[in-house]
1. I'm checking my understanding of the structure. Among residues of the stretch A:254-263 that are within 8 Å of RNA strand B (Cβ to nearest atom) and of a type outside the set (A, V, I, L, M, F, W, C), which one is surrounded by the most Cβ atoms within 10 Å (Cβ to Cβ)?
2. So A:K365 passes all but one of these: (1) without any contact (Cβ under 8 Å) to a residue 40 or more places away in the chain; (2) of a type in the set (K, R); (3) part of a loop (DSSP other than H, G, I, E, B). Which condition number does it fail?
3. Does at least one position in the stretch A:335-346 carry a residue that is more than 38 Å from the chain's Cα centre (by Cα) and exposed (fewer than 13 other Cβ atoms within 10 Å of the Cβ)?
4. Answer yes or no: is there a residue in the stretch A:447-465 that is closer than 29 Å to A:V28 by Cα, in contact with a helix residue (DSSP H, G or I) (Cβ under 7 Å, 6 or more places away or on another chain) and among the hydroxyl-bearing types (S, T, Y).
5. State all residues of the stretch A:38-59 that are assigned to a strand (DSSP E or B) and modelled with pLDDT of 95 or more; if no residue qualifies, say none.
6. Being within 16 Å of RNA strand B (Cβ to nearest atom) and crowded, with 24+ Cβ neighbours inside 10 Å is the filter; apply it to the stretch A:472-494 and report the residue that is nearest to A:D59 (Cα to Cα).
7. Taking the residues in the stretch A:134-190 that are small (G, A, S) and more than 16 Å from RNA strand B (Cβ to nearest atom) as candidates, determine which candidate is farthest from A:S110 (Cα to Cα).
8. Of the conditions (1) small (G, A, S); (2) touching a residue at least 24 places away in the same chain (Cβ under 8 Å); (3) part of a loop (DSSP other than H, G, I, E, B), A:S31 satisfies every one except a single condition; which number is it?
Amino acid sequence: MDKKYNFRNYEEELYSFWEQGGYFTAKVDKSKDPFCIVLPPPNANADLHLGHAMYVYEDVMIRYHKLKGLETLWLAGADHAGIETQFVYEKHLKKQGKSRFDFDRKTLFSDIWDFVMKNRETMENQLRKLGFALDWSKKKFTMDPDIVKIVNNTFKHLHDDGLIYRANRLVNYCTSCGTSFSDLEVADKEVTGKLYYIKFPVKEGGSVTIATTRPETYLGDVAVMVHPEDKRYQGMIGNTVVLPLIDREIPIIADEYVDPKFGTGTVKVTPAHDENDFQVAKKHGLWRDPILNFDGHMQHTGLDDIDGVYVVKARKLIVSKLEEGGFLEKITPHEMILHTCYRCGTTLEPLPKEQWFINVEPLKKNAIERVRNDEINIHPKRFKKQLIQILENFIDWNVSRQIVWGIRIPAYQCQSSNVKNQNKWFVSVQKPSSCQICGECSFIQDEDTFDTWFSSAQWPFATIQTIDSSFFDYFYPTAVMETGYDILRAWVSRMIMIGYFETKAVPFKHVFLHGMVRDLKGQKMSKSKGNVINPLDMIEKYGADALRAALIFGTKEGGDVVLSEDKIVAMRNFCNKIWNIARFLEMSKTNVVIPAKAGIQAGSPIGVGDDVLRETLKKLQKEFAVVQKQYHLHFKKFEFAKAFDLMYDFLWHRYADFYIEELKDGMQGGSIEASQSMMKIYHACLQMLHPYIPFVTEAVWKEVHEEDASILDSRF
RNA sequence: GAGCCCGUGGCUCAGUGGUAGAGCGUUCGAUUCACAUUCGAAAGGUCGGUGGUUCAAAUCCACCCGGGCUCACCA
């Protein structure tokens, strides 16, 4: 054996050995208990980052259960990542001086497809570098035809159950990305904005002053609203306001929705551009078409010089016009929250648009029950409350996206000229041969694609179902869903809702949430901050084991991980320590005669009496038994970091620093008993460490056993 | 406004009732001995504050201060 463990000589070779040797390939074996984890599919549009490396917890669980003798399946996959990917791709196009509008739908789609397939392969090889025991033979992609079929089927089932509806409602629309989002993809930004106080003349005499953060939208107002019990405005309810500059007349109405304490106690109602106004206006039977189009330009305002102007510029123009006309009373600073596009940062516009929605009420009720009853266990358990709260607050889910890259919604609109059939839709999993509404028209398919999360929500069952039904029966519900706590809302909650709806079973029995990786200052790593640690560089430099261990060592479950290069170095040193223990054991096994120490004659019983030796061995065995028990207990409780810390401390500071030093002379003096006991415990430690640092443990295993032996063939 | 988490040696963090721990850093010493990617030793903490429960509190309870997260609200 070499003096040092050189991971470069082993990692790649060992991974191929495992993969090609079928160690990661799952099969249905009813004589064993199943253990299945479906990998959260990384986006197939970029290199891996440290967030992906955190999936090491899944590898830990998979390898642990393999060593326990369970039949394990860790299913590999990739996500098409709809808007994300299209966004990345458009940046590519921009570099070439092009945009998505230069291509037709078909061309754009197939170009992105090629781009994604190339990235996907890179990404998959990077997962291999991390040592992940993924079953690649069954890998899935969210846009595989059989997955798409399942996704469409789920939509159809939801539709059949009356949980899908198409509605013209306000959606969060990004005028720059050109698509709507669900409420979860809205990034809130706290800003100090302005509150504009505008004086509206009242036809019957006097005026009312309204306070608004969006002065330009008054051009789409349908009413001015006050609280029914607000004494200041009692006499004005029912009066008519004449909108400045355009002289359009709107009523003053009363509704308890108004907070008399805010601003002037009067609210302008713009149903097409504000969710709350939309609701209130609906209640009062009021409506007016939007004054802003989907490109963010003004329209139908009643002011010729404003129509066609971009919203931000229009606001300035209108404010100065109001000021000129003496309608602007004052402007005050105002702490407010801006809804922005999580992708490009553009301020989102609430705009009325016909979209597909999922009524989540019955779905979330079931999901909450499953979580409450611990049919799904959340680890660490503090996230259980959070998940329930998230589910309780879930609102109907807009699943339509106006982008090309995604699964096209399998909904078709009847084109019959018969007025009765206007805007009639039907859902069909396969491309229909005839219109299911009128039976004769040449129906057209919805241009929109599904929100990526709609297919992701089905991932645990869709993936296994497409292997074959025996796998589904055997491995589903899956054992654990392991992912970052940041997507509890976007993903985990939806998997539970949709998974239970479609399979009438929980998609997973446990959820294990890992934390975010941060730098030494506790900051999130980001390219713009320049504090990014590239996992691939670290693997190149210190080996995959070192990186893996550094992400786990000394951390708390679900807590954020502070990662530094120093920590990775420390873990590389640990790997070397493991290597050198093996080297020592190998050397003492052969009973080499070592030079005499001062005061000890060579060839004599070397100072340590047999009884003392036995005593020490007994002590070690007792101590190790406790370690073993604790180790497995930690796994039972999903305390993976604790189990690793325990082994680190035991192997290095007890086994090596203490026991080897104590027993060294005896072992090298030829005590077979000592050598064998030490060897046995060491091998057990290798197994226990293998889930965390698979490469070095396997490398050592091969050194001390026959060449073709694998630690994965051994059992605890 | 509601809920959750965190505040421990210079730095980053483990530690949930019984004499304060690790990694990195610092100081001193050790190399023909499995490993200098090492070993031995040392310095360094009134465990955010106050009060309480207890024979005993970093650990349990209450309040406060500081930092973070989630949800709700946001004209």
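1. Looking at residues that are within 8 Å of RNA strand B (Cβ to nearest atom) and of a type outside the set (A, V, I, L, M, F, W, C), I get A:G263.
2. Just one mismatch for A:K365, condition (3).
3. Checked the stretch A:335-346: no residue is more than 38 Å from the chain's Cα centre (by Cα) and exposed (fewer than 13 other Cβ atoms within 10 Å of the Cβ).
4. yes
5. A:V38, the sole residue that qualifies.
6. A:V492
7. Only one residue fits best here, namely A:G162.
8. With respect to (1) small (G, A, S); (2) touching a residue at least 24 places away in the same chain (Cβ under 8 Å); (3) part of a loop (DSSP other than H, G, I, E, B), A:S31 is out only on (2).
The values are calculated or read from the model by the stated rules, or taken from the named source; none is laboratory data. Values in this document were obtained by computation on a predicted structure and should not be read as measured data. Positions of Cβ are backbone-derived with ideal geometry, glycine not excepted, and every protein chain shown enters the neighbour counts.
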